[in-house]
1. Which one is farthest from Ile192 (Cα to Cα), of the residues in region 33-55 that are in a loop (DSSP other than H, G, I, E, B) and out of contact with any Gly (no Cβ under 9 Å at 6 or more places or on another chain)?
2. Thr58: in a loop (DSSP other than H, G, I, E, B), more than 30 Å from Val33 (Cα to Cα) and in contact with a Ser or Thr (Cβ under 9 Å, 6 or more places away or on another chain), yes or no?
3. Can you confirm whether Ala85 is surrounded by 13 or more Cβ atoms within 10 Å (Cβ to Cβ), of a type in the set (Gly, Ala, Ser) and not in a loop (DSSP other than H, G, I, E, B)?
4. Given the condition surrounded by fewer than 12 Cβ atoms within 10 Å (Cβ to Cβ) and either over 28 Å from the mean Cα position of the chain (by Cα) or more than 25 Å from Tyr102 (Cβ to Cβ) (or both), answer yes or no: does some residue in region 45-58 qualify?
5. Can you list residue pairs whose Cβ atoms sit under 8 Å apart, with the first residue in region 100-125 being under 22 Å from Leu199 (Cβ atoms) and the second being surrounded by fewer than 12 Cβ atoms within 10 Å (Cβ to Cβ) and not basic (Lys, Arg)? Count only pairs 6 or more apart in sequence or on different chains.
6. Identify the residue in region 88-113 that is farther than 27 Å from Val33 by Cβ and surrounded by 13 or more Cβ atoms within 10 Å (Cβ to Cβ) and, among all such residues, is farthest from the chain's Cα centre (by Cα).
7. Identify, by number, the condition in (1) more than 30 Å from the chain's Cα centre (by Cα); (2) in contact (Cβ under 8 Å) with a residue 12 or more places away in the chain; (3) in a strand (DSSP E or B); (4) surrounded by fewer than 18 Cβ atoms within 10 Å (Cβ to Cβ) that Ala10 doesn't meet.
8. Checking Gly126 against (1) over 23 Å from Ser172 (Cβ atoms); (2) crowded, with 21+ Cβ neighbours inside 10 Å; (3) out of contact with any Leu (no Cβ under 6 Å at 6 or more places or on another chain): exactly one of these is not met. Which one?
Amino acid sequence: MADTTHFDAAAFTALGTPRERVTLPAATFDGTVNLPVLHQAVKAYLANQRQGTHATKTRRWVTGGNQKPWKQKGTGRARQGSTRAPNFVGGGTVHGPQPRGYEQAVPKGIKALARKSALNARAREGAVIVIDRFAFESPKTAQVAQLLARLGVSGQKTLILTDGTKPAVYLSGRNIPEVQVRAYSDVSTYDIVWSQVVLVEATAIGQTLAPVTEAPAAAVKAPKAAPKAKATKATKAKAAPAAKKAPAAKKAPAAKKAPAAKKAAAAKPAAKKKGGK
């Protein structure tokens, strides 16, 4: 039986000002999460993205091989009729991929149930956020970036669902990594499953929020990933194993003492000879 639990979600303005929480419509957000249907819809979506233009050449299409490589009998080798047979280097491919279609048809009822299940899965996680209205006069990436920063979801896979097609919102969000903008009525199950956070416009789910007068807020800096530390000479020297340094330290003194010992040994016989004379 389907879970009839009702969900509510946090609501914000398009500038990121908090509002009262909004109850999500029970017709869609009733707690139903059908995993087999989700799997079927996502698998079909990914399969339908394939072009199927892969192709390999069989021995029919490989150039050459018209002449028999050696005579039929008397050589001791197996009989061969062409050097373009699959057992030769440069020969044709056997049972290789050929152009074909990967399209999978999914019934409308299965699509609707899968989409509903994906939305409910995000609602169970508390990952659905309602925005009162996306009213962008012109495309501006900074508006969407500031909204994500104020909501604390910068850097996460974010799906923005608008009420109908809004080119200004789409153009504002397309340059931000890990952000997708879709119309609520056209969003696919895969897009919802791909996302970590879903920002949905209030009117798209049948909620009408009164406009709020708010002053422009100060800009918020989105957190950036820490850059990787570059290895310096000092760090490389510390990382070098001690076993490699030890032999070098032992060899250096021995190399310095050897010439001095030879000189001393050569000086003693010379002194004796002088004294004897």
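Readers should treat all values here as calculations from the given coordinates under stated rules, not as data from a laboratory. Computed from a predicted model, the values in this text were never measured in an experiment. Don't worry about glycine lacking a Cβ; one is built from the backbone with ideal geometry, like all the others, and counts go over all protein chains shown.
1. The first filter runs over region 33-55 and keeps only residues in a loop (DSSP other than H, G, I, E, B), leaving 33-34, 49-55.
Of the ones still in play, those that are also out of contact with any Gly (no Cβ under 9 Å at 6 or more places or on another chain) are 33-34, 49, 51, 53.
Values: Val33: 13, Asn34: 14, Gln49: 17, Gln51: 23, Thr53: 28 Å.
By that ranking, first place goes to Thr53.
2. The answer is yes for Thr58.
3. Working: surrounded by 13 or more Cβ atoms within 10 Å (Cβ to Cβ): yes; of a type in the set (Gly, Ala, Ser): yes; not in a loop (DSSP other than H, G, I, E, B): no.
Answer is no for this residue.
4. no
5. Once the first residue is under 22 Å from Leu199 (Cβ atoms) and sits in region 100-125, its partners that are surrounded by fewer than 12 Cβ atoms within 10 Å (Cβ to Cβ) and not basic (Lys, Arg) give Ser117/Leu35.
6. The residue in question is Phe88.
7. The single condition Ala10 does not satisfy is (1).
8. (2)
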